[in-house]
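Structure first, commentary second.
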Amino acid sequence: MAWLRDTDDAYWAEAPEEEEAAVLARTLRLSLAGDASILLLDPDDVGSDGEWAAYSLSSWSGMGPERFDSFEALMRDLYAGFHALRQPVGETRDAWDAEVERARVLALDGEFDEAETVLAAAQEFGRDRARLLRFQLWIMQANWYKLPLSHLMPVDPALFDDPVFAEIVPLVYADPGYAHHGDDYVAGHLRGHPRTRDLIYALDRQGAAGAVTLRFGVPEFDQAVKDIIAGLAADVAEQAAIRSDPSPAPTATNAKLIMTVMSWPAPRDHPPTSAPATAAGSEPAPAPAPERAPMRGPAPSTKACDVAWRAVMDAMRLWRPVSDNHIAPVVLLAEPLLQAVITQGRGRELLSVPRRR
């Protein structure tokens, strides 16, 4: 250990921000050669327990020094990061996997805030299942900016075979908020696995033909949701008719024919699952991500949204998870009419209702 200012590493204190540079200049260096990183203690930032604040600073992070309350907190963070990188077999991994399963049960019991806390900690240790479950909690609360689709990748390749991805893949085509600024990145990963690639190609073909069919889980729940969507579509059609023509609004049956039209990409020649490799031993070249416009259209009335929401909550008694990695009906948010219904507060209300395991 040595004072940073007295070492050959003193250049680390040359921060662009004056206050930040002043802090670094007074720190005690803890580390020697590292991955373009340095660890420090600040003697002028002392907690009530007498612990000096600690810092981790990496030239490749694109961020300034990361502060921790103590040396112990810094070490715990580094340990979690190393574990996430190496994924070693052992008690630590097994313990976090048990915690992820506990969080899944908590989430289905309606204790989603507690579940999210557990999953966040498990994600720090690199447990990909925690990432997958946590994503569903955030999406249902309309907090795509907290954990966008791009943060879901990459996951354990085996997880791509899980039926829950049939609910997640359609979100790539939803409002760009869900994919955030990682559309191509997300689509690229999804196209890299046979199951999810087939799901995307099926949606592409349906969209090009102008008849997209979303499935909302088990048959009973699927039918209930489609009835709700038909009601919302009828409301949109009625509003349009009132604005443009005083004649009677279309019936619910006709309204089903004018349900929200999604803006899908132009058809492409997608390779089949069994497409030949581009070179010996290599994977088939993924198709480029389609250029697409977000789903748009008139929103249903407030009254219709309120009615639809009560119907959604009633239909939840029919909902069932499609796998052990499914804790919320995220596919609902791939339908633009339901996006207008499920606000952040309503998403939290849905998650707080115990759901069948």
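Bear in mind these aren't lab numbers, they're just calculated from the coordinates by the rules spelled out. As the structure is a prediction and not an experimental result, all values here were calculated from the model. Virtual Cβ from ideal backbone geometry, glycine too; neighbours counted across all protein chains shown.
Dipole check for the stretch 28-179: with +1 at the C-beta of Lys and Arg, -1 at the C-beta of Asp and Glu, and the Cα centre as origin, the magnitude is about 480 Debye. For the stretch 16-57, the square roots of the Cα gyration tensor eigenvalues, ordered a ≥ b ≥ c, give a/c of at least 1.5 with a/b no greater than b/c, which places it in the oblate category. The loop-placed trypsin sites (Lys or Arg not before Pro) in the stretch 1-104, going by DSSP, include none that has at most 10 neighbouring Cβ atoms within 10 Å of its Cβ.
In order along the stretch 19-29, the phi-based Karplus estimate (6.51 cos²θ - 1.76 cosθ + 1.60, θ = phi - 60°) of 3J(HN,Hα) comes to 5, 5, 5, 5, 5, 4, 5, 9, 7, 9, 6 Hz; Gly and Pro are listed as x. Expressed as a whole number of Å, what is the distance separating the alpha-carbon centroids of the stretch 310-357 and the stretch 39-77? Between the Cα centres of the stretch 39-77 and the stretch 310-357 lies a distance of 41 Å.
The ellipsoid that matches the Cα gyration tensor of the stretch 2-83 has semi-axes, each √(5λ) in whole angstrom, of 18, 16, 12, with the longest given first.
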